[in-house]
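What follows is a short report on a single structure.
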């Protein structure tokens, strides 16, 4: 592994889940896959040594690079001191309030980031929380985790995470990234994932809460048939109504129901209670 002489720290921090993308071809492929425009404002999560930062900054209007590692921040500031459209922010992305910090109320940005596995779920939850300010997010994630996000009903990867993310965004794996593209080399391959945030959601706030409560309960006991996994969670009459109206087998299991099926189950309340 070659480091920029005298500039970058030679040690990576395992506690921060640091795996730096060092394959230059993949760096360019990721930048191209984001399809950024010169009018875009971009938030980069975890720029690390800035490998993608400069490539992306040349394509967009403004780039905010949020890095939790203070040593890397210091070197990033030095590296990009003559790049006026790059702003280095020393902060924890999980504690950063996007609206009001650097995003105008009605402004929409785009996001890119190489996300450590151990905080993948909370970062995605945070991005979805601020979806009204985010148009798209392009994330490098552990392959198995990404497959769970995009999974379809009937597959072994499909579960509550799939329903949660796909409720708020359209999710698509753009390509796979081999583990040898990183330093230090992780144990598994990664995927480059695109999340396109939805402008309109199918349920109101209260029904949305019930939707996620039901989905979690169903997949917490995914080996049971839906009738048993949701026992005590919703009235049996609502399940019977769903099975009858949409011609669903009464012995179906949670992973066989689509997101639309779960939404129909929530909407059946008014007709059955």
Next item on the list: With springs connecting C-alpha atoms under 10 Å apart, model the chain as a Gaussian network and identify which of 160, 120, 83 has the largest mean-square fluctuation.
Entry: 83
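Dividing the convex hull volume of the alpha carbon atoms of region 63-171 by its residue count, what do you get in Å³ per residue?
Roughly 105 Å³ of hull volume per residue.
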Notebook entry, point to check: Where in region 176-214 is the amide nitrogen less than 15 Å from a point lying 7 Å along the Cα-to-Cβ axis of residue 144?
Noted result: 179, 186-191
Check: In nanometres, what is the gap between the two model label sites at residue 129 and residue 28, each 7 Å from Cα along Cα-to-Cβ?
Finding: 3.9
Next item on the list: Determine one quarter of the surface area of the Cα convex hull of region 14-197, which equals its mean projected area, and express it in nm² to one decimal.
Entry: 10.0
Note to self: Using 0.36 nm times the number of residues separating residue 225 and residue 71, minus their current alpha carbon distance, what extension gain do you get?
What the structure shows: 50.3 nm
Margin query: If I fit a long axis through the Cα atoms of helix 205-220 and take the longest principal axis of the Cα atoms of the chain, what angle between them do I get, 0 to 90°, rounded to 10?
Written below: 90
Next item on the list: With a point put 7 Å past each Cα toward its Cβ, work out how far residue 104 is from residue 157 in nm, to one decimal.
Entry: 3.9
Notebook entry, point to check: Relative to a virtual label point 7 Å from the Cα of residue 35 in the Cα→beta-carbon direction, which members of region 199-218 show backbone nitrogen distances below 18 Å?
Noted result: 199
Next item on the list: Equivalent ellipsoid semi-axes for region 192-239, as square roots of 5 times the alpha carbon gyration tensor eigenvalues: give them largest first, rounded to whole Å.
Entry: 26, 16, 7
Check: When the convex hull of the Cα atoms of region 205-272 is projected onto a plane and the area is averaged over all directions, what value comes out in nm²?
Finding: 4.0
Check: Given the Cα-Cα distance of residue 185 and residue 247 and 0.36 nm per residue of separation, how much length would full extension add, in nm?
Finding: 17.4 nm
Check: With the chain treated as a Gaussian network of Cα nodes joined by springs under 10 Å, which of 256, 97, 135 yields the largest mean-square fluctuation?
Finding: 97
Notebook entry, point to check: What is the mean projected area of the alpha carbon convex hull for region 41-112, to one decimal in square nanometres?
Noted result: 4.5
Check: Any idea how far apart residue 61 and residue 95 come out in nm if each label point goes 7 Å out from Cα toward Cβ?
Finding: 3.1
Next item on the list: Give the residues of region 60-76 whose amide nitrogen is closer than 19 Å to a point set 7 Å from the Cα of residue 54 in the direction of its Cβ.
Entry: 60-67, 72-76
Check: For region 14-197, what relative contact order do you get, as a whole percent, if you take Cα pairs closer than 8 Å and at least 6 residues apart?
Finding: 21
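Every number in this text was worked out from the coordinates using simple rules, so none of it is lab data. Every value quoted in this text rests on a predicted model; they were computed, and no experiment measured them. Note that each Cβ is placed from the backbone with ideal geometry, even for glycine, and that neighbours are counted across all protein chains shown.
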